[in-house]
Each structure stands twice: as structure tokens, then as C-alpha cells.
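Below: one structure, written as C-alpha cells.
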């Protein structure tokens, strides 16, 4: 039967990583893969994570299953981190998932089960896996304008015009903070407009929040998601622990779904557990236990928040330095958007040909749409990147 398989499209990020590894140049710069790196180019294990793992190793007495939904303590800890006191806990059904990608996949599966005719609206552009999974599941998809390539900012007028076409019961996927791939984010007043419009249209929001703490801080980054949760009777939230806890390979995520009424919440919780059973049965626990240990221990949580904030400030500092160097080289502020963007990524507006020229002539690796990982930089590599951007005419 395998002779009937067709070639699948290559993953652009994985292909870029392979090309980077094969490049013999010592001064090459990797701005493709979406992981945080420190000044030495390493992705460190956070102090609180090491301490939590040590405690788990010493105290854990079993490796038995936790349950189809994962450890309830993890769901409680993550609901508190993401939603705070925005909604009562008894409105929230939640399941642990293999990473944020697993949470998104389970959200799409839930939509397909509950409302198979619903269209899922995604921003243009969005994280490529959103569209990849939706197309694989053969679900109705529409795109709404989001990024203005000229200003490198949010196209709010286009966004609102497109979302005004959403039908009742459609699902609108929103990036909770640190938009991937653009780095351009909705201002608080714009969030208010979007929420009001989606309420008027009868839409159901799905918030993907993968970078809480990487933008303006844990509480500020959670603000839009909390506003969405408080404004809608039903919504979904997919959260990832990969970035803000630095536990990428532990594949730790959670899907939260909100409804009203005890009976609906119980049915929703049972449905999420059922979907877990169909896809992977019991979710992984080690990363979830690390997160729970940190969030429920005041000393570990304080240390984690301190280190996370240092990472956030480092990325903001890199943005400021890069924008300043480009202003110096071009005698123009056209790259000032880099300092305004938030999170790991920015799309700089270079053409695919210019991106290829940066790779070929300067050893700078970024995705073909010119999305670059700010966290892949350090103060030593910023001058080389700025020169490459200017040299190719971006």
C-alpha cells in the first residue's frame, strides 16, 4: 500500500535548519528556528525548571497514568496563570496536551465535532501550522487581513472589514500576544473593537497564547485573553509552556474551553477527555509536573518570573539595538517598527529574493517570508545582520 503515498511538502523551518547546519561558515546567523537563545547562542534550562525537576526526581513515587485530561493540578495552575480571576474556574474545562500544537489540534477537533460546518478564520499571515492542520482535517477556512506590509503594523481597518463578514457560530483564531510571524500586535483599544465586533457577529473566539511573558510581561500579555474569556459565553484558549518555561522538548500545553452552566461544563470536560483518548490517550506529564511545581511554590515561581522577565527584557533590548543600528546605516527610521514589535519574531518586509541573498551572501538564515527570530541574535551579531539587510536593499 505504501507505493501509493505521495510526497509531502517539506517543512520550511526544518529545511532551513538543515541548510544552516550544512553551512560551513563560522559567522553564519540562525534566525529561523523559534527558540529563545542567550548571548552564547544556547537555549538554557531555566533555574526554576532545574530545581523543580530535582524535587520531582527526589519525591515522585510513581510513573503511573494521571488521567485522560492530565493532572487536575496542572489545569488549575495554568488556568490561574492564563486567566487569573477573569472568569469563575467552574466555567473552564481543560485538558493537558502535547505542546501548544497539541492544544490547537484538539481545539480544531472539538470544533469539527461540535459544529462541523463552522468556518475557522485565521489571520493573514498566521503560524503556518494553523493552516496546515486545518487543511489536513479538511475544515472550512477563511483568512482575515492582519499585517500591513508597508507599515509593518496591524492593518486594523482591513481586519475589522474582514471580520465583519464572519457568520454566527464561526470560529475566529486570535493570537493572544506576540503575534507569530509578524511581531505586530493589537493595541488595547483595537482589542476592544475586535471583541465588540465578534460579539455582535455571534462568533466563537479561539485564542492561541504561546508566548505569555515574552511581550510586555505575564499579566499584560494575558490581558487580551482574559478580556476575551470574560466577554464571551463560549470560547477556547490554547496555551503553550514551551517558550516561557523553556521546556520545548517536554511538549507541554493545555486546551481550555469555556462555557456556561454546570451541565454544559461537565459535558465539555468529558468531550475533551474523549478527544484526548482518541488521539494519544493519556497526555505526557513530566513537563506539566514541572510547570505545576513552579507555579504552586512561591519561591520557585518568584525565581521563574524573574528569569522570564530578564529574557523578555533581553529581547526588547536586542530590538532597540537592531533598530538603532539600522537607523544609523540607512539614516532613516523605516525600521523603527522593530522596536515596537513584541515577542520573538518580526517580519522585516524583505522579498524572498532578498532573503535568499542574505543567506547566500551573508550567511543570515531566516524564513522566506522574512520572519526572523529576534531571540536568535546577540549584540555581536546585530551589526552583521544590519549590514546584510541594508546590502540586499530590504
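The values are calculated or read from the model by the stated rules, or taken from the named source; none is laboratory data. These numbers were taken from a predicted model, which means no experiment stands behind them. Glycine also receives a Cβ, built like all others from the backbone with ideal geometry; neighbour counts cover every protein chain displayed.
Here are a few things to note about the model shown:
- Of 258, 186, 218, 197, all but one fail to be touching a helix residue (DSSP H, G or I) at 6+ places or on another chain (Cβ under 8 Å), modelled with pLDDT of 95 or more and closer than 30 Å to residue 368 by Cβ; the exception is 186.
- Unmet requirement for residue 349, which otherwise passes all of (1) out of contact with any strand residue (DSSP E or B) (no Cβ under 7 Å at 6 or more places or on another chain); (2) over 20 Å from residue 31 (Cβ atoms): (2)
- Considering only residues in segment 56-96 that are in a strand (DSSP E or B) and under 19 Å from the mean Cα position of the chain (by Cα), the one that is farthest from residue 276 (Cα to Cα) turns out to be 94.
- From 151, 62, residue being surrounded by fewer than 16 Cβ atoms within 10 Å (Cβ to Cβ) and modelled with pLDDT under 95: 151
- Condition broken by residue 53, with the remaining ones in (1) closer than 25 Å to residue 34 by Cα; (2) modelled with pLDDT of 95 or more; (3) assigned by TED's automatic domain parsing to the domain that holds residue 235; (4) in contact with a helix residue (DSSP H, G or I) (Cβ under 8 Å, 6 or more places away or on another chain) satisfied: (3)
- The set of residues in segment 1-37 being surrounded by 12 or more Cβ atoms within 10 Å (Cβ to Cβ), in a loop (DSSP other than H, G, I, E, B) and in contact (Cβ under 8 Å) with a residue 24 or more places away in the chain consists of 23, 28, 31, 32, 33, 34, 35, 36, 37.
- The conditions of being in the same structural domain as residue 291 (by TED's automatic domain parsing), within 18 Å of residue 209 (Cβ to Cβ), over 19 Å from the mean Cα position of the chain (by Cα) and without any contact (Cβ under 8 Å) to a residue 24 or more places away in the chain are not met by residue 155.
- Subset of segment 86-113 [without any contact (Cβ under 8 Å) to a residue 24 or more places away in the chain and either touching a helix residue (DSSP H, G or I) at 6+ places or on another chain (Cβ under 9 Å) or outside the structural domain of residue 249 (by TED's automatic domain parsing) (or both)]: 89
- Per-region count, segment 184-199, residues under 20 Å from the mean Cα position of the chain (by Cα), loosely packed, with under 15 Cβ neighbours inside 10 Å and not in a loop (DSSP other than H, G, I, E, B): 1
- Only residues that are within 19 Å of residue 320 (Cα to Cα), in contact (Cβ under 8 Å) with a residue 60 or more places away in the chain and not in a helix (DSSP H, G or I) were counted across segment 353-379, and they come to 6.
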